[in-house]
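The values are calculated or read from the model by the stated rules, or taken from the named source; none is laboratory data. As the structure is a prediction and not an experimental result, all values here were calculated from the model. Note: ideal-geometry Cβ built from the backbone for every residue, glycine included; neighbour counts use all protein chains shown. Accessible surface is based on the protein model in full, side chains and every heavy atom, while ligands, DNA and RNA are left aside. Shrake-Rupley method; radii C 1.70, N 1.55, O 1.52, S 1.80 Å.
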Amino acid sequence: MPATAPPGTGQLTREQLLEGYRVMRTIREFEERLHVEFATGEIPGFVHLYAGEEAIAAGVCAHLGADDYVASTHRGHGHAIAKGCDVKAMMAEIYGKQTGLCHGKGGSMHIADLDKGMLGANGIVGGGPPLACGVGLTARVKNTDQVAVSFTGDGGSNQGTFLESLNLASAWHLPCVFVVENNGYAESTPPAYHQSGVDVAKRADGFGFPGVVVDGFDFFAVHEAAGEAIARARAGGGPSLLECKTLRYYGHFEGDQQTYRGAGEVEEVRRTRDCLATFVQRVTNAGILDAEDLERVDQDVRGLIDEAVTEAKAGPDPTPAEVETDVYVTY
Amino acid sequence: MTTVGIVANPAAGRDIRRLVAGASVSGHAEKAGMVFRVLAGLGAAGVTRALMMPAPGGLSATLHRQLRAHAAGQGHEAAPAALEELPMRLDGTAADSIRAVEAMRRAGAAAIVVLGGDGTHRVVAKACADVPVCALSTGTNNVFPELREATVAGLATGLVATGRGGPGALRRDAALRVEVDCAEPDLALVDVAASREPFIGARALWRPGGISDLLVTFANPAAVGLSAVAGMVSPLERGGGRGLHVRLAEAPEAAAITVQVPLAPGLVVPVGVAAWRALATGEQVDLPAAGGSLALDGEREIERRPGARATVRLVAGPLTIDVDAVMRHAATKGLTRLPPRV
């Protein structure tokens, strides 16, 4: 098997595969570690973990540059990592430290880094799509080739903000991609109880742009479909909707008792569909990456997350004198 | 009591071809409308019971609203066949359709109406044995099922199910049996494509690049999709007992001919063909062992490790209802005439 893909197939290079794996592994390690650390009571506020959904953030953001935008959700760590935010500063932010990405003022649900095009995790369900329309409009008015991606959950896709954004993006021909991470539960409610129809993607039909469904556990499927949606937006083809079917491995928030889940639901998915396990199996089967390549990434990531937690814990708290800094903006 | 099965795939019509080409969309309301129209046709032909795979939320709600509205209607039209949903758990995968078809066979279904694309029909064909299938397309993207009015399809299926289909009612279609290493054999109804792409990505195949071999059960130049490549070089009738093996050119210089082919609705691309030859029923083709992926009926399904043995054999496929032939027979024999008024 040649290490490079045959021309005209849109297949990934070895370097792209390694980078996709590194992003997914970093998110997984970051979230699994937070799951452990949150239980100690040392982390202020709520955390909503992205573990299980890594292929989506990694597959989508692989096509975005630093000047493209993402608008995230309350479950935003994965999007921030995939968009290139500093992992140590993210961890410090979640610990509420002065060294954090937002100097400890944002915490898990408001991590943002405008320099990286990360418009922020968002405590408001359905809060991201209108932001994507806003930056999308900026890109269109300024005639740049920037693209705006919003992430929304299945619950968020029922919000008026989501549907209003689909309408605006279509009416204004905005370079927006609406990614719906359908992880099976709006907090604790399965879609059958709150959505008419099985696919959120069908909602795009009503606004006159394409909506497609992919397996959100499959990095390759997300990567290919997102690549086409983003290229379409960049070329002036307007908005599209990408629904990724997935499952989160932990509760809605850390501490959620998850009494709404079926028995063995997460274990079964972890065993048969996990995005990292299937990725490893497929790239090694194809003979493009070997176990050593992947182990090197694992080691680097483990070291990075260890350092991030140690440094976050040791970092200084914001001082009372800073209570108003970075909070108000004057135009 | 005559029973007919109905499989309506709720997930059909949402793949990447909506994004990269101009493929049509088929929403729940349209699928529910199609099922309603099938029921009307079946009922008029004397079918009393229709067994359906349970439909999720939106499709089911729309269908039942239509049936209730009909029940409150004028009453001069024939009553639709009574709808019964199979008592089965759905897990949202192709396995649902397999289990549904097996349950329909156990319940004595005399025919099965399938609403979906090539992929849905492929899954049904794995489980339906010799129960006749009425193949209905829910979009413009398909080769095996026909795009036709569901009421008439229901009528024709009802005539077949009640033993009045006539001599030309059923066609024995072909299939391609695919074996890779020791894995469970798989089936394709239209085409198998061997690609050098190692990963199956977003499944639906819409790029010709990297495809080395194409095997088809029939070759219709008026089709959309990969089988149209075969159709453009050597048209081959459906159900004729012969297939075609086409080798695509690795580079433009290696092409014996280059044909323009609609690979998806709204997407016409040049495809270089190196060679082609006929394929007899029972004949086996060994695919190059270079690794890569296999697409069955336009969906990338199987990733092959380098060196994996992969064979394709042309075999007998499902029995398919020829709606035109059945309706011609019915008209000729007066089967659709009501008794004269007295």
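Pairs with C-alpha atoms separated by more than 30 Å, drawn from the list A:83/A:202; A:97/A:245; A:83/A:105, are A:97/A:245. Here the calculated FRET efficiency for residue A:205 and residue B:90, from their Cβ-Cβ distance with R0 = 25 Å, stands at 0.65, rounded to the nearest 0.05. What percent do you get for the relative contact order of segment B:175-317 when only Cα pairs under 8 Å and 6+ apart count? Relative contact order here is 30 percent. Taking the chain by itself as reference, segment A:185-212 contains these residues with an accessible-area loss of 20 Å² or more in the full protein complex (1.4 Å probe, heavy atoms): A:197, A:198, A:199, A:202, A:205, A:210, A:211, A:212. What shape does the protein assembly as shown have by the C-alpha gyration tensor, where a ≥ b ≥ c are the square roots of the eigenvalues, rounded means a/c under 1.5, and otherwise prolate means a/b greater than b/c and oblate the rest? In terms of gyration-tensor shape, prolate. Quick one: grab the alpha carbon gyration tensor of chain A, order the square roots of its eigenvalues as a ≥ b ≥ c, and give me rounded if a/c is under 1.5, else prolate or oblate depending on whether a/b is larger than b/c. Rounded is the answer for chain A, as its axis ratio a/c remains below 1.5. Charge dipole of the protein assembly as shown (Cα centre as origin; +1 on each Lys and Arg Cβ, -1 on each Asp and Glu Cβ, all else neutral): 3140 debye, rounded to the nearest 20.
Spacing of the modelled spin labels on residue A:39 and residue A:171, each 7 Å from Cα toward Cβ, amounts to 5.0 nm.
Going 7 Å from the Cα of residue B:147 in the Cα-to-Cβ direction, what parts of segment A:212-227 have a backbone nitrogen less than 15 Å from that spot? Zone members listed by number: none at all.
Taking the charge dipole of the protein assembly as shown about its Cα centre, with +1 at Lys and Arg Cβ atoms and -1 at Asp and Glu Cβ atoms, the residue from B:270, A:196, B:317 reaching farthest to the positive side is B:317. Positive-end ranking of A:330, B:340, B:46 along the dipole of the protein assembly as shown, with charges on Cβ about the Cα centre, is headed by B:340. Summarising the amide proton neighbourhood of residue B:133: residues at separation of 5 or more, or on other chains, whose placed amide H is nearer than 5 Å comprise B:112, B:319, B:320, B:321. What is the list of residues in segment A:88-105 whose amide nitrogen lies under 20 Å from a point 7 angstrom out from the Cα of residue A:313, following Cα to Cβ? Only A:88-101, A:104 fall inside the zone, counting backbone N under 20 Å. Given a 1.4 Å probe and the protein chains as shown, residue A:253 ends up with an accessible area of around 60 Å². Centre-to-centre separation between the Cα atoms of segment A:114-188 and those of segment A:294-324: 29 Å. Rounded to a whole number, what % of the accessible area of segment B:273-333 do carbon and sulfur atoms account for, probe 1.4 Å? The nonpolar share, carbon plus sulfur, comes to 50 percent.
The B-A contact accounts for approximately 2600 Å² of buried accessible area, totalled over both chains at a 1.4 Å probe radius. Compared with its chain on its own, segment B:16-34 contains the following residues whose accessible area drops by 30 Å² or more in the full protein assembly (probe 1.4 Å; ligands, DNA and RNA excluded): B:16, B:18, B:19, B:28. At a 1.4 Å probe, which residues in segment A:280-310 are at least 50 Å² less accessible with all protein chains present than in their chain isolated? Residues shielded by partner chains are A:282, A:285. Distance from the Cα centroid of segment B:1-68 to that of segment A:260-276 is 31 Å (rounded to whole angstrom). Each stretch of four or more DSSP H residues adds -39500 (n - 2.57); spread over every residue of chain B, this sum gives -8000 deg cm²/dmol at 222 nm.
The order of B:70, A:79 by accessible area, most exposed first and with a 1.4 Å probe, is B:70, A:79.
Accessible surface for the protein assembly as shown, divided over its residues, is 40 Å² per residue with a 1.4 Å probe.
Around the amide H of residue B:292, modelled in the peptide plane, lie the amide H atoms of B:304, all under 5 Å away and 5 or more residues distant in sequence or on another chain. Dipole magnitude for chain A: computed about the Cα centre from +1 point charges on Lys and Arg Cβ and -1 point charges on Asp and Glu Cβ, it is near 760 debye.
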